[in-house]
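Asker: First, the structure itself, so that you have it in front of you.
The values are calculated or read from the model by the stated rules, or taken from the named source; none is laboratory data. Here the structure is a predicted model, which means the values were calculated and not measured. All Cβ positions, glycine included, derive from the backbone under ideal geometry; neighbour counts span all protein chains shown. Please note that ligands, DNA and RNA were not included when accessible areas were found on the heavy atoms of the full protein model with its side chains. Shrake-Rupley method; radii C 1.70, N 1.55, O 1.52, S 1.80 Å.
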Amino acid sequence: MGERPLDHVLRHNTWANGALIEFCRGLDPATHASAASPGTYGTIEGTLHHLIGAEQWYTQLLTGDLIGPRLRRDGPPPAIDVLAEVAAGTGNGILSVAETDDPGRRIKLNEGRTSTVGVILAQLVHHGNEHRTQITTILGANGIEPPPLSAWAYGRATTLSEGTE
Amino acid sequence: MSDLKVPIEYDNWATERLAQFCEALSPDQRALTTPGTMGTVEATVIHLVGAKERYAAALRGTPPPDDAVRETTTKDLGHVVARAKKLSEWFSGFAQGELELEKIIERRLADGTTQRVPMEILLTQHLHHGNEHRAQLGSIFGAHGIEPPHFSAFDWGRERGDLT
């Protein structure tokens, strides 16, 4: 395959975001907008907004490119189609970073802060898994079987592996 | 050095930090849970480290050691902390080398059967699994008003001086 080692971690992230967005597209609108569970970030809708908005920001930090309409933290919840478009675009953008960038390169953040590229990639992976888990927690707490989002599920979906939980 | 070293080192740090935090909780706090997660604090942290034992064993090609954390027998969270540290050392050394990502790894399941999976998928699952169950612990703590330790990759980066 010839990818960089991090590629499948990032591809899994993009795949899982897409799978979760498509699952949420099929939810009852009231569940999507209002269901929550103690200890999580908020509603499903709010968590998806935050998750994809953050990935848009991480990607812009690393590439300088804003992919899709800016998902403002204090703005209205984006339509599912917009989330899907931004998630797919940032997924491709971040893959290019992993293929060509140096994890040790230091970049400027806001307010005079700096970070290595590697830490931002690790944060993107952590952040994605964290908030997808919060959404599956909300689904489970509301009696809805969540979609499979593990890397085993990614391996099966891409026919790279037949591994199971 | 593999570029997987960064998320692997982050996983080591975050898992150790959560295990230490859980060890310091009272028995009543360890028994807390919240709907939609896998179970109690104690069961989740034991599973988190127990699964890491099995990922390491599969990558080494040897069974987990006798003192490995196991969901069926481990009760002592002090031992979980100690094993998390040992596993961090192992994964750090592993990530330093050239990784044979397409190598097929044999993985032994609980029912005694064996699965063959590419190393790159096993490593992706390892990283996903750690983040997933640490997030569940964060939800349990939040649901019960317990301030969890900061364990994002940005927190890790700040502690290392990689993020200023």
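Asker: Which ones in the stretch B:132-158 are open to solvent by less than 10 Å² (accessible area, probe 1.4 Å), under 13 Å from the mean Cα position of the chain (by Cα) and facing chain A (nearest Cβ under 7 Å)?
Answerer: B:Ala135, the sole residue that qualifies.
Asker: Sticking with this structure for a sec: I'd like to verify a number: residues in the stretch A:109-149 that are among the small types (Gly, Ala, Ser), out of contact with any Phe, Trp or Tyr (no Cβ under 6 Å at 6 or more places or on another chain) and facing chain B (nearest Cβ under 7 Å), how many? Steps first, please.
Answerer: To start, the set of residues in the stretch A:109-149 that are among the small types (Gly, Ala, Ser) comprises A:112, A:115, A:118, A:122, A:128, A:140-141, A:143.
If we keep only those that are out of contact with any Phe, Trp or Tyr (no Cβ under 6 Å at 6 or more places or on another chain) as well, we get A:112, A:115, A:118, A:128, A:140-141, A:143.
If we keep only those that are facing chain B (nearest Cβ under 7 Å) as well, we get A:115, A:118, A:140-141.
Residues meeting the conditions: 4.
Asker: Restricting attention to the stretch B:66-87, and to residues there that are open to solvent by less than 40 Å² (accessible area, probe 1.4 Å) and of a type outside the set (A, V, I, L, M), which single residue is nearest to B:Glu53 (Cα to Cα)? Break it down stepwise before answering.
Answerer: Filtering the stretch B:66-87 for residues open to solvent by less than 40 Å² (accessible area, probe 1.4 Å) gives B:68-69, B:74, B:77-78, B:80-81, B:83-84, B:87.
Pick out the ones that are also of a type outside the set (A, V, I, L, M) and you get B:74, B:78, B:83.
Working: B:Thr74: 12, B:Gly78: 16, B:Arg83: 8 Å.
Filtering the stretch B:66-87 for residues that are open to solvent by less than 40 Å² (accessible area, probe 1.4 Å) and of a type outside the set (A, V, I, L, M), the one nearest to B:Glu53 (Cα to Cα) comes out as B:Arg83.
Asker: Please count how many residues of the stretch B:133-164 are within 20 Å of A:Val119 (Cβ to Cβ) and part of a helix (DSSP H, G or I).
Answerer: Here the count works out to 11.
Asker: Which one is nearest to B:Val81 (Cα to Cα), of the residues in the stretch B:1-45 that are hydroxyl-bearing (Ser, Thr, Tyr) and either outside any loop (DSSP other than H, G, I, E, B) or within 14 Å of chain A (Cβ to nearest Cβ) (or both)? Talk me through it step by step, then tell me what you get.
Answerer: Restricting attention to the stretch B:1-45, the residues satisfying the condition of being hydroxyl-bearing (Ser, Thr, Tyr) are B:2, B:10, B:15, B:26, B:33-34, B:37, B:40, B:44.
If we keep only those that are either outside any loop (DSSP other than H, G, I, E, B) or within 14 Å of chain A (Cβ to nearest Cβ) (or both) as well, we get B:2, B:10, B:15, B:33-34, B:37, B:40, B:44.
Working: B:Ser2: 26, B:Tyr10: 16, B:Thr15: 9, B:Thr33: 20, B:Thr34: 23, B:Thr37: 22, B:Thr40: 17, B:Thr44: 13 Å.
Per the criteria, the residue is B:Thr15.
Asker: Also, quick follow-up: Taking into account only those residues within the stretch A:154-165 that are part of a helix (DSSP H, G or I) and free of Cβ contacts under 8 Å to residues at least 24 places away in the same chain, which is farthest from B:Glu102 (Cα to Cα)?
Answerer: A:Arg156
Asker: May I pose another question? Determine whether B:Pro63 is at pLDDT below 95, open to solvent by 10 Å² or more (accessible area, probe 1.4 Å) and more than 19 Å from B:Thr124 (Cβ to Cβ).
Answerer: yes
Asker: Out of all the residues in the stretch A:93-105, is one or more open to solvent by less than 20 Å² (accessible area, probe 1.4 Å), of a type in the set (A, V, I, L, M) and within 8 Å of chain B (Cβ to nearest Cβ)?
Answerer: Yes, the stretch A:93-105 contains at least one residue that is open to solvent by less than 20 Å² (accessible area, probe 1.4 Å), of a type in the set (A, V, I, L, M) and within 8 Å of chain B (Cβ to nearest Cβ).
Asker: Could I ask something else about it? Considering only residues that are in contact (Cβ under 8 Å) with a residue 12 or more places away in the chain and open to solvent by 30 Å² or more (accessible area, probe 1.4 Å), look in the stretch A:20-37 and name the one that is farthest from the other protein chains (Cβ to nearest Cβ).
Answerer: We begin by selecting, within the stretch A:20-37, every residue in contact (Cβ under 8 Å) with a residue 12 or more places away in the chain; these are A:20-25, A:27, A:31-33, A:35-37.
From what's left, open to solvent by 30 Å² or more (accessible area, probe 1.4 Å): A:22-23, A:25, A:31, A:33, A:36.
On the way: A:Glu22: 18, A:Phe23: 15, A:Arg25: 20, A:Thr31: 13, A:Ala33: 18, A:Ala36: 10 Å.
Looking at residues that are in contact (Cβ under 8 Å) with a residue 12 or more places away in the chain and open to solvent by 30 Å² or more (accessible area, probe 1.4 Å), I get A:Arg25.
Asker: Going through A:Pro78, A:Pro69, A:Pro147 one at a time, which residue ends up being assigned to a loop (DSSP other than H, G, I, E, B), open to solvent by 40 Å² or more (accessible area, probe 1.4 Å), closer than 18 Å to A:Ile21 by Cβ and not polar (S, T, N, Q)? Give the derivation first.
Answerer: Details: A:Pro78 fails: open to solvent by 40 Å² or more (accessible area, probe 1.4 Å); A:Pro147 fails: open to solvent by 40 Å² or more (accessible area, probe 1.4 Å).
Sole residue among the options that is assigned to a loop (DSSP other than H, G, I, E, B), open to solvent by 40 Å² or more (accessible area, probe 1.4 Å), closer than 18 Å to A:Ile21 by Cβ and not polar (S, T, N, Q): A:Pro69.
Asker: Could you tell me which of the residues A:Thr59, A:Thr114 is over 30 Å from B:Thr34 (Cα atoms), β-branched (Val, Ile, Thr) and open to solvent by less than 10 Å² (accessible area, probe 1.4 Å)? Quick ask: steps written out before the conclusion?
Answerer: Details: A:Thr114 fails: open to solvent by less than 10 Å² (accessible area, probe 1.4 Å).
Only one candidate passes the filter, namely A:Thr59.
Asker: Which condition breaks for A:Gly39 when tested against (1) within 14 Å of A:Gly93 (Cα to Cα); (2) touching a Phe, Trp or Tyr at 6+ places or on another chain (Cβ under 9 Å)?
Answerer: For A:Gly39, the failing item is (1).
Results for (1) at pLDDT below 95; (2) in contact with a Leu (Cβ under 8 Å, 6 or more places away or on another chain), shown as yes or no for each residue.
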position: A:Trp15; (1), (2): no, no
position: A:Gly26; (1), (2): no, no
position: A:Ser34; (1), (2): yes, no
position: A:Gly46; (1), (2): no, no
position: A:Leu61; (1), (2): yes, yes
position: A:Asp74; (1), (2): yes, no
position: A:Asp81; (1), (2): no, no
position: A:Val86; (1), (2): no, yes
position: A:Ile94; (1), (2): yes, yes
